[in-house]
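J.: Below are the structure tokens for one structure; questions will follow.
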Amino acid sequence: MDQKVRTMGSSEGLFISIDGPSGVGKTTTVRALGRLPRDDGRPVHLTCEPSEGRIGKLARDLTETVTGTALACLYAADRYHHLTTEVFPRLEAGEVVITDRYSGSTARRQPSRKSPR
Ligand SMILES: Nc1ncnc2c1ncn2[C@@H]1O[C@H](COP(=O)(O)OP(=O)(O)OP(=O)(O)O)[C@@H](O)[C@H]1O
Ligand SMILES: [Mg+2]
């Protein structure tokens, strides 16, 4: 690839989320972005939701057995933990964080107008 990722001359972190329907190419895109050479030397951190942490793994394990609001709460807990322990510290350190799924998946899977079950 002859492209370069360019960011503005700020030392603040950059957060990129890749979202979309199942099988559309999110993981492929995140990995490709991670391989692109960068012109500013900033570290790039690839991550995903549900996260690789314990709550994220629990959410993945229970996706077929827990439904509705309980599952939404698990995903919300994972989001909070992922952001506070992994994403925010890296952004504050000036890194580029690219996540495979984020709020688009939440909007699709936990629509706010749907009645709790
Ligand atoms: N730009 C592309 N053109 C053609 N095929 C692609 C492209 N990007 C990904 N694919 C292929 O599509 C398939 C699904 O890709 P990928 O696993 O990245 O999707 P995903 O959105 O992460 O899926 P999931 O929602 O299941 O996590 C793979 O076989 C991959 O090689
Ligand atoms: Mg994927």
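J.: Search the stretch 1-32 for residues being over 18 Å from L46 (Cα atoms) and modelled with pLDDT under 60, and hand back the single one that is nearest to ligand 2 (Cβ to nearest atom).
T.: M1
J.: So which residues in the stretch 41-59 are surrounded by fewer than 14 Cβ atoms within 10 Å (Cβ to Cβ) and either β-branched (V, I, T) or closer than 19 Å to T106 by Cβ (or both), if there are any at all? Let's see the steps before the verdict.
T.: Going through the stretch 41-59, the residues surrounded by fewer than 14 Cβ atoms within 10 Å (Cβ to Cβ) turn out to be 41, 43, 52, 54, 57.
Matches in the stretch 41-59: E52, K57.
J.: Which helices (runs of 4 or more DSSP H) does the stretch 18-83 wholly contain that include 2 or more residues that are farther than 23 Å from V96 by Cα?
T.: Numbers: elements: 26-35, 54-62, 68-82.
Hits in the stretch 18-83: 54-62, 68-82.
J.: Quick one: would you say L91 is of a type in the set (A, V, I, L, M) and closer than 15 Å to G13 by Cβ? Break it down into steps so the answer makes sense when it comes.
T.: Working: of a type in the set (A, V, I, L, M): yes; closer than 15 Å to G13 by Cβ: yes.
So L91 passes the test.
The values are calculated or read from the model by the stated rules, or taken from the named source; none is laboratory data. Just so it is clear, the model here is predicted, and its values are computed rather than measured. Cβ atoms come from the backbone with ideal geometry, glycine included; neighbour counts cover every protein chain shown.
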